[in-house]
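What follows is one structure encoded as structure tokens, with my remarks underneath.
The values are calculated or read from the model by the stated rules, or taken from the named source; none is laboratory data. Nothing here was measured: the structure is a model prediction, and the numbers come from that model. Neighbour counts run over all protein chains shown; Cβ positions are idealised from the backbone, glycine included.
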Amino acid sequence: LDESQEPNQLHFLFVPMGSPGHYIPTIDMAKLLAQHGGVRVSIVTTPVNALRFGSILDQPIQSGLPISFLEFPFSYKEFGLPEGCESIDDLPNMGLAGALMQAYASLQKQVEEYIEKLDRRPDCILADTFLLWPSETAKKFRIPRVMFDGMNCITQMCNHVLYLSKVYETVGESESFVLPGLPDRIELRRTQLPFAFTLNNKTMSEFNEKLRVSEAEAYGVVVNSFEELEQDYVDEYQKVRDKVYCIGPLSLCQKDESENIQRGNKSSINKHECIKWLDSRENGSVIYACLGSISRIEPAQLIELGLALEASKRPFIWVVRAGHKTEKIEKWIDEEGFEERTKDRGLVIRGWAPQLLVLSHPAIGGFLTHCGWNSTLEGISAGVPLVTWPQFQEQFYNEKLVVQVLRTGVSVGVTKTVFWGNEVESGVVVKSDEFIKAIEMIMEKGIEGDERRKRAKQLSKIANKALEEGGSSQRNITRLIQDIRIQSSFK
Ligand code: UDP
């Protein structure tokens, strides 16, 4: 525990949530803020996650960056969680997600005891939106709270207009409708909306109401996006909420390749093996398929994807993960001789891929993604066109941004949410032919593909500029720190 603090240095207390899509960008943000100067960051974490976070931050901390960890345990037994289970992707089944949230809530007492013992209170609590207790802690100690939900401004605005207009209540299940009052004509079906609008149960409604109050009470919000990417939506969001700071793409703070190999979970493939494989491919020839950290896709559905990658006759990297059903899909791969048949041009990664390393390699020509916001933005930052296959929550909005607004992606054409916590077979939603069609469109040469690739490259340049000195995201980091400094001087 490093409690040394220079007199003028601001202290940010970070409280990330246990899910890779949330904690990875939070950790990147800690690095960016600490690098900016005048700030030290301490990160509230739990024992197993501390190892994961440490893997991203070891090097920067060793080189003197003022970041430290505050490690607090919770009792796995008390919450009915398996030993060592501290992140959503560790859960044996999604039915335990509520228990994990409760376990996280039990950290409140320990964090408050820590704050009480400090000579000087932290200047800011930067907490994941989905954790509700930091809002109480911030109020109790009168510390400004900035929230982070891992999403973008288009998502905020889509949710905002849906919440206000309730337009979805008046349409049929599979009927499409236009979201009112947005800068673009965004058309969705009810079956593609986030759970907050579709799951009609008491726990969900109560949680959403608390979330709304907590959001309204926050001092500000940091967004892992950059203004040039979605300027119209940033402007709209700023009309409905005070203090919006777009400070992304956060993954771009990981400039040093050596850090990328173990980002969150430990990579299932050796870095050098991965680079060697990529180096042996032509530029822009490989399709990279990875569906994030928490989706639990049916083996039958994954087989359709595997068959499409095989039929595409193109080099590919396929990251295979199906949560509790991973064994079934791995069995199929082994027993059907899939790897043997495709060994000359396919690389199957079982488990965790070094995604940034892969995406930044010139051999990658397309990224088949589930449209989780981190993956989407990492693809955009790398200048890679996307094949979009959204599964649930705001991923359908992200698809609209990529395919319709930015025009750097092609959709596989999914029209409904595949519930990630569902233990019931949801069957095959996308057939291999549909994957092949979208992959071909992304990878083929020709005017349309060339234009798409050009746009993607252009966006990557703008993304990188945003985080350079004087860039929009750097300016917003400065603004955030200045605003907190002013708040702090009121204390
Ligand atoms: N990720 C990774 N390797 C994998 C799978 C995921 O490094 O094999 C990282 C990915 O780069 C991203 C995060 O995990 O930063 C996943 O976040 P995202 O928002 O894309 O999706 P989620 O997992 O939350 O659905």
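Details
- Here Asn398 clears all of (1) touching a residue at least 12 places away in the same chain (Cβ under 8 Å); (2) in a loop (DSSP other than H, G, I, E, B); (3) not aromatic (Phe, Trp, Tyr) except the condition numbered (2).
- Verdict on Glu136 being free of Cβ contacts under 8 Å to residues at least 24 places away in the same chain and more than 22 Å from Ile27 (Cβ to Cβ): no
- Scanning the range 268-281 finds no residues that are under 17 Å from the mean Cα position of the chain (by Cα) and either of a type outside the set (D, E, K, R) or in a loop (DSSP other than H, G, I, E, B) (or both).
- Number of the exception - Ile447 against (1) of a type in the set (A, V, I, L, M); (2) farther than 30 Å from Asn8 by Cβ; (3) touching a residue at least 24 places away in the same chain (Cβ under 8 Å): (3)
- Every pair of residues 6+ apart whose Cβ atoms lie under 8 Å, when the first sits in the range 370-388 and is farther than 19 Å from Glu440 by Cα while the second is of a type in the set (Asp, Glu) and within 12 Å of the ligand (Cβ to nearest atom): Trp373/Glu394
- Out of Ala50, Ala30, one residue alone is more than 16 Å from the ligand (Cβ to nearest atom), under 25 Å from Gly84 (Cβ atoms) and either under 24 Å from the mean Cα position of the chain (by Cα) or among the hydroxyl-bearing types (Ser, Thr, Tyr) (or both). It is Ala50.
- Pairs are defined by a Cβ separation below 6 Å, a sequence spacing of at least 6 or placement on different chains, a first member in the range 470-491 that is surrounded by 17 or more Cβ atoms within 10 Å (Cβ to Cβ), and a second member that is in a helix (DSSP H, G or I); the pairs so defined are Gly471/Lys465; Ser472/Glu227; Ser472/Ala466; Ser473/Ala466; Ile477/His36.
- Members of the range 313-326 that are of a type in the set (D, E, K, R) and either in contact with a helix residue (DSSP H, G or I) (Cβ under 8 Å, 6 or more places away or on another chain) or exposed (fewer than 12 other Cβ atoms within 10 Å of the Cβ) (or both): Lys313, Arg314, Lys325
- The range 375-395: number of residues that are closer than 30 Å to Arg190 by Cβ, in a loop (DSSP other than H, G, I, E, B) and not acidic (Asp, Glu): 6
- The range 355-374, subset assigned to a loop (DSSP other than H, G, I, E, B) and farther than 20 Å from Asn224 by Cα, residue nearest to the ligand (Cβ to nearest atom): His361
- Candidates Asp89, Asp119 - the one that is of a type outside the set (Lys, Arg), touching a helix residue (DSSP H, G or I) at 6+ places or on another chain (Cβ under 9 Å), at pLDDT below 95 and surrounded by fewer than 21 Cβ atoms within 10 Å (Cβ to Cβ): Asp89
- The set of residues from the range 334-353 being more than 28 Å from the chain's Cα centre (by Cα) and either within 16 Å of the ligand (Cβ to nearest atom) or buried (at least 19 other Cβ atoms within 10 Å of the Cβ) (or both) comprises Phe338, Thr342.
Let's see how each residue does on (1) surrounded by 20 or more Cβ atoms within 10 Å (Cβ to Cβ); (2) of a type in the set (A, V, I, L, M); (3) more than 22 Å from Ala438 (Cβ to Cβ):
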position	(1), (2), (3)
Lys328	no, no, yes
Lys331	no, no, yes
Gln355	yes, no, no
Val358	yes, yes, no
Val384	yes, yes, no
Trp389	yes, no, no
Lys400	yes, no, no
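- Scope the range 137-167; condition more than 16 Å from the ligand (Cβ to nearest atom), under 26 Å from the mean Cα position of the chain (by Cα) and surrounded by 14 or more Cβ atoms within 10 Å (Cβ to Cβ); matching residues: Thr137, Ala138, Pro144, Arg145, Val146, Met147, Met157, Cys158, Asn159, His160, Val161, Leu162
- Scoring Gln404 on the criteria (1) closer than 16 Å to Cys274 by Cβ; (2) of a type outside the set (A, V, I, L, M); (3) at pLDDT 95 or above; (4) out of contact with any Gly (no Cβ under 9 Å at 6 or more places or on another chain) leaves a single failure, condition (1).
- Matching residues in the range 296-326 - criterion: being closer than 19 Å to Cys371 by Cα and part of a loop (DSSP other than H, G, I, E, B): Arg296, Ile297, Glu298, Arg321, Ala322
- Flag if Ser293 is in a loop (DSSP other than H, G, I, E, B), within 15 Å of the ligand (Cβ to nearest atom) and more than 26 Å from Val414 (Cβ to Cβ): no
- Any hit, the range 247-265, residues being of a type in the set (Ser, Thr, Tyr), assigned to a helix (DSSP H, G or I) and within 11 Å of the ligand (Cβ to nearest atom): yes
- Test: residue in the range 422-444 that is modelled with pLDDT under 95, under 23 Å from Ile380 (Cβ atoms), acidic (Asp, Glu) and assigned to a loop (DSSP other than H, G, I, E, B): yes
- Gln391 passes every criterion in (1) in contact with a His (Cβ under 8 Å, 6 or more places away or on another chain); (2) more than 13 Å from the ligand (Cβ to nearest atom) apart from (2).
- Scoring Gln404 on the criteria (1) more than 26 Å from Lys31 (Cβ to Cβ); (2) touching a helix residue (DSSP H, G or I) at 6+ places or on another chain (Cβ under 9 Å); (3) not charged (D, E, K, R) leaves a single failure, condition (2).
- Pairing residues of the range 104-116 that are surrounded by 15 or more Cβ atoms within 10 Å (Cβ to Cβ) with residues that are modelled with pLDDT of 95 or more and of a type in the set (Asp, Glu), at Cβ distances under 8 Å and at least 6 apart in sequence or on separate chains, gives Ser106/Glu78; Gln108/Glu136.
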